[in-house]
Amino acid sequence: MKQFIYILLALILSMSCSTTQEKETPEATETSLEPQVSNYQLFETKNLWTFLRLDTRNGKITQVHFTLDSKGYRGEQVLSKKPLVTSDEEKAGRFTLYPTQNMYTFILLDKISGHTYQVQWALNEEERFVIPIRK
């Protein structure tokens, strides 16, 4: 009878050890993964039909227009062609946009250098711009 109890205890102990090992492996894998940062991000405007697409690596921005009507405009318009950093300074997640009270104006922040830019989107090309905000 004692021999049966020892065997039963050994089985229970070995089962609990193997269960613990199985649980530890996935947790270790999950914690070792770094969160992915997107190269591109969409920002809502207060205009129902317009989003801003930001290249988070270099600060380039396009206006993205969509429509539900086949006669409406659907497409992208360049807001800023020129990257704000050199290609060797690019890093995913470096730039982000913040809305302001003005529906056409956003603040672009370079999270590495701290530089800020006024971003003005518009339907008319001559009214669109990205300009530095001086310190």
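The values are calculated or read from the model by the stated rules, or taken from the named source; none is laboratory data. All values reported here derive from a predicted model rather than from experimental measurement. A quick note on method: Cβ atoms are made from the backbone with ideal geometry, for glycine too, and the neighbour counts reach across all protein chains shown. Note: areas computed on protein heavy atoms with side chains; ligands, DNA, RNA excluded. Shrake-Rupley method; radii C 1.70, N 1.55, O 1.52, S 1.80 Å.
Given R0 = 25 Å, the distance between the Cβ atoms of N124 and N39 translates into a calculated FRET efficiency of 0.30. Within region 56-135, the chymotrypsin sites (Phe, Trp or Tyr not before Pro) that combine a DSSP coil assignment with at most 14 other C-beta atoms in a 10 angstrom radius are F66, Y73. At full extension, M103 and Y73 could sit 8.9 nm farther apart than now, given 0.36 nm per residue minus the alpha carbon distance.
For region 78-83, backbone phi angles converted through the Karplus equation (6.51, -1.76, 1.60; θ = phi - 60°) give residue-by-residue couplings of 6, 9, 9, 7, 7, x Hz, Gly and Pro being listed as x. Solvent exposure of V130, expressed as accessible area, is near 40 Å², computed with a probe of 1.4 Å over the protein chains only. Between K111 and L48, the distance separating the two model label sites (each 7 Å from Cα on the Cα→Cβ line) works out to 3.3 nm.
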